[in-house]
1. For E166 and S319, what does the FRET efficiency come to when R0 = 22 Å and r is the distance between their Cβ atoms, rounded to the nearest 0.05?
2. Give or take rounding to whole Å, what are the principal axis extents of the alpha carbon atoms in region 375-434, in descending order?
3. Taking the alpha-carbon set of region 385-468, what are its Rg and Dmax in Å?
4. What residues qualify as long-range amide H neighbours of I421, i.e. H under 5 Å apart, gap of 5 or more or another chain, H built at 1.01 Å from N?
5. Between A505 and A310, 0.36 nm times their residue separation minus their Cα-Cα distance comes to what?
6. Assigning unit charges at the beta carbon (Lys, Arg +1; Asp, Glu -1) and nothing else, what dipole magnitude in debye, to the nearest 20, does region 116-200 show about its Cα centre?
7. Seen from all sides and averaged, what is the projected area of the convex hull of the Cα atoms in region 311-393, in nm²?
8. Could you give the nm distance between label points at K426 and R399, where each point is 7 Å from its Cα heading toward the beta carbon?
Amino acid sequence: MTYASRIIHHSKKLRNAPNLLRQEQALLVRWFSHDVQPSSDILKVHRHSYVPSERASGSRSFSSSTKSVSGTFTRDIPMTRKLGSSISGSVFNKQLSCIQAQLSRGLSSDAGLPPHQEIGMPSLSPTMSEGNIARWLKKEGDKVSPGEVLCEVETDKATVEMECMEDGYLAKILRPDGTQGIKVGEVIAITVEEEDDIAKFKDYTPSASGASAPAAKEASEPTPPKKEVVAEPVPEPKVSKPSAAPAATPSGDRIFASPLARSLAEEHKVPLSSIKGTGPDGSIVKADVEEYLASHGKEAPKAKGAAPAALDYTDIPHSQIRKITASRLLFSKQTIPHYYLMVDTCVDRLMDLRGQLNALQEASGGKRISVNDLVIKAAALALQKVPQCNSSWTDAYIRQFHNVNINVAVQTENGLFVPVIRDANKKGLSSIAEEVRQLAQKAKENSLKPEDYEGGTFTVTNLGGPFGIKQFCAIINPPQSGILAVGSAEKRVVPSSGPELYKFASYMSVTLSCDHRVIDGAIGAEWLRAFKGYVENPESMLL
């Protein structure tokens, strides 16, 4: 691996390797096929990666190391020959051709071009199959170094920065800003080692992968002459055209017309004899009367139930996050057997505790704690208490997680994001509040990284506080098995245990969506009971 990296790093020294191999092919064949001493001509190859071994060992070695364009693997092709043995010229020629082809691919994938590297669309998330170029941070001709950001790629979940892996110059951008639907692995840019080589890629187009060689071979072979087939003329079917015959028949003065046409003509006082019929056998139909009225400036009656005017609309293209959200939620509803459990929780004591904690936060200069932060903490502790709900379904087993990572749904202009709060059961309320605030801001700026949203085990979505929704049912976020939908809190009149008959209390409705393959009804109910206990006795969350 080290030797291959050195060879590729100094690839400008190997630019003439294919030409050298072509020129010295006969010489190398003669040397490998006969027991001869290496001449001065053969020793010239030493500068081009031919390394002769010691004479005492009685062997000769020729090695070629090539590096793939993607930079993911190296391949060594050794050819060793003992003195006194012989290799047929045909076999050697075949091996030599293979070496030349691999050297050509390693140094330059297109004939006549200097060494370059094709940069493909990377796979930046486990579910990514294609991506969009949000914008390029480097332009053509810029020098690039390892660790520098080349461009921003919009994946199926967020916008991620794509970094450069090697030194060089950005010679050609093949997919400009805003290009959408680029498949993973598709070439998006070209880099070169030398600045002088940039101009040679002005009109560069990436070569088609795979079938270029077979296609060229097929093109070189003459195509067999095609037999000309003379098609016999097919008689054209006769189409009866509207007859322009007069309304009166040759045998008499009788005029044939449909009842509707007669009624319409009498209504407008039009004699039928002045109208030419286009119906069967020259009879007059309704359309003939309407055409006569229109041609003579008389208004024809409007048809009842005329079609309404066309709708006015705008087609909005799908964003990458919208397409992925749609496909994942459709997959969830089609494959996961949802069921729903609802409960009302009294939040009076929770609101009192929140007021006390916010007073302490303001006094110490900290950020305020929201109701949603308390709900996240209560959900995390309930998952710790009922770990069966902190699980995921697979075809072979049910995976129960030991980490409680809560995804929080955040709605933005770009779509719905679900950043994750890791180990929420072990964090304090102020830490959860600060982390939620930072992740929500990054989601709105479309700058979340994969580690900010991957690895969740349960999801909380809240439409009560921001929008006042009383109750709703959420769709499970696969591969998770549960999601909690939080509604708004409202004041209700409830029976009082004191001297008064009734009192006012604030209740919040929550709905737990469960995957019935993992969470049985009794287990879901047990989790909701634990969650309600933490909400109605919030001091227990601080223990």
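1. Plugging the Cβ-Cβ distance into 1/(1 + (r/R0)^6) gives 0.10.
2. Here the spans come out as 39, 29, 14 Å, largest first.
3. That works out to 13.9, 42 Å for Rg and Dmax.
4. I406, N407, V408
5. 65.0 nm
6. Dipole about the Cα centre, nearest 20: 360 debye.
7. Mean orientational projected area (region 311-393, Cα hull): 11.3 nm².
8. So the two model labels end up 1.9 nm from each other.
The values are calculated or read from the model by the stated rules, or taken from the named source; none is laboratory data. Note that the coordinates shown come from a computational prediction; the quantities given were computed from them, not determined experimentally. Cβ coordinates were reconstructed from backbone atoms using ideal geometry, including for glycine residues, and neighbour counts include every protein chain displayed. Ligands, DNA and RNA are stripped out before the accessible areas are found, and what is left, the full protein with its side chains, is counted by its heavy atoms. Shrake-Rupley method; radii C 1.70, N 1.55, O 1.52, S 1.80 Å.
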